[in-house]
Amino acid sequence: MPIDIIEKIEVKHLQIINEKGEADASLMAAIPDDIVKRFFETILLARTFNQRALSLQREGRIGTYASILGQEASQVGSAMAFADTDWLFPSFRESGVLVAKGYPMWMLYRYWAGDERGMKCPENLNIFPMSVPVGTHIPHATGAAWAMKLKGDKKAAGVYFGDGGSSKGDFHEGLNFAGVFKAPVVFLCQNNQWAISVPRTSQTASKTIAGKGYAYGFEGIQVDGNDAAAVYKATKDAVDKARSGNGPTLIECFTYRLDDHTTADDASRYRSKEEVESWKGREPLVRLRLYLEKKGLWTKDYEDGVARKAQEAVDAEIKKAEAFAAPDPADLIRYTYGSLTPRQIRELKEFGWQK
């Protein structure tokens, strides 16, 4: 008699604050009001940073930029659940994560202006450079997490990628290794529904991306990625689990990219205006505002004050970024390898860059 060995796995979906600002009181009890206000204030800061970056790109003051509009809750909510001693591995669309962790904004603007020194992480933070190649940093995070485990460190690694990244070989290798060795890593997929111009349904047949975690022997959970509280709780639980030696978690933040893929893209060529409009009603800042208002913690004066401080902070950071001396062109050659090759020595002399 054939034995049915197929186990039906139901992926959990977590939402705490809905689009109307209504919350599950039992789950919100573990998230203090001051944390919720930090969600709101940090998302507003990240959005201000993002909007100015888009303006700077249009003015020719920075290069091609990847907007985070609509995905701020996935980034801010998760970033706030990690300690500064944990290690984070962002992709190119995680400006909100870095802003939330206190990464100097002027350095981010330098990076987007083409200055690689912008990714020289400050000593007080454990954040790897943004990965532009899709998914290649996932095994890096797994390797770092495994090293933490071998050293006995009670730390976790967190790695960010998009829905398209979950179809890359690096994703499968990273998750498989993490599952086998129970590495303390949290895999954070920002499922914004589009891998550039490819819809999620055209690049994976999985019902959910979170379900892919079970194939590698660990839990996957899908959260409302526009609900900062849900993202925070899911990530905090996963980080606590990782630090306690119980292995990895895959979190799928179900969200939406409201802007183009980058400033070099025109998303109207492949998705409808109606689709974008339908997601605008679910965006993260509106629901937090509604929630705080119901709790008596929001006023227009409060938000205006937060917005003003965010604008002043961003303006100051842009001035600092643009006042910073340009990099030495010789660095293109000088830091390619650990030591200069004979050809590079010759090139430095030919360009008059040899010091």
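Descriptive notes on the structure:
- Output for the range 62-80, where each listed residue is surrounded by fewer than 23 Cβ atoms within 10 Å (Cβ to Cβ) and over 19 Å from TYR109 (Cα atoms): MET80
- Residue in the range 141-152 that is assigned by TED's automatic domain parsing to the domain that holds LYS236, surrounded by 23 or more Cβ atoms within 10 Å (Cβ to Cβ), assigned to a loop (DSSP other than H, G, I, E, B) and not basic (Lys, Arg) present: no
- Residues within the range 240-259 that are of a type in the set (Gly, Ala, Ser) and either crowded, with 24+ Cβ neighbours inside 10 Å or within 19 Å of the chain's Cα centre (by Cα) (or both), tallied: 1
- Any hit, the range 195-211, residues being surrounded by fewer than 20 Cβ atoms within 10 Å (Cβ to Cβ), in a helix (DSSP H, G or I), at pLDDT 95 or above and in contact with a helix residue (DSSP H, G or I) (Cβ under 8 Å, 6 or more places away or on another chain): no
- Residue match in the range 284-296 (condition: out of contact with any helix residue (DSSP H, G or I) (no Cβ under 8 Å at 6 or more places or on another chain), over 30 Å from ASP24 (Cβ atoms) and either part of a helix (DSSP H, G or I) or at pLDDT 95 or above (or both)): no
- Taking the criterion of being farther than 21 Å from TYR335 by Cβ and of a type in the set (Phe, Trp, Tyr), the residues of the range 98-133 that qualify are TYR103, TRP106, TYR109.
- Beta carbons closer than 7 Å, at least 6 apart along the sequence or on distinct chains, pair a first residue in the range 327-339 that is among the small types (Gly, Ala, Ser) with a second that is modelled with pLDDT under 90 for ALA330/TRP353.
- Hits in the range 266-283 (condition: over 20 Å from the mean Cα position of the chain (by Cα) and assigned to a loop (DSSP other than H, G, I, E, B)): ASP266, TYR270, ARG271, SER272, GLY281
The values are calculated or read from the model by the stated rules, or taken from the named source; none is laboratory data. This structure is a prediction, so every number in the text was calculated from the model and none was measured. All Cβ positions, even for glycine, are placed from backbone atoms using ideal geometry, and neighbour counts span all protein chains on display.
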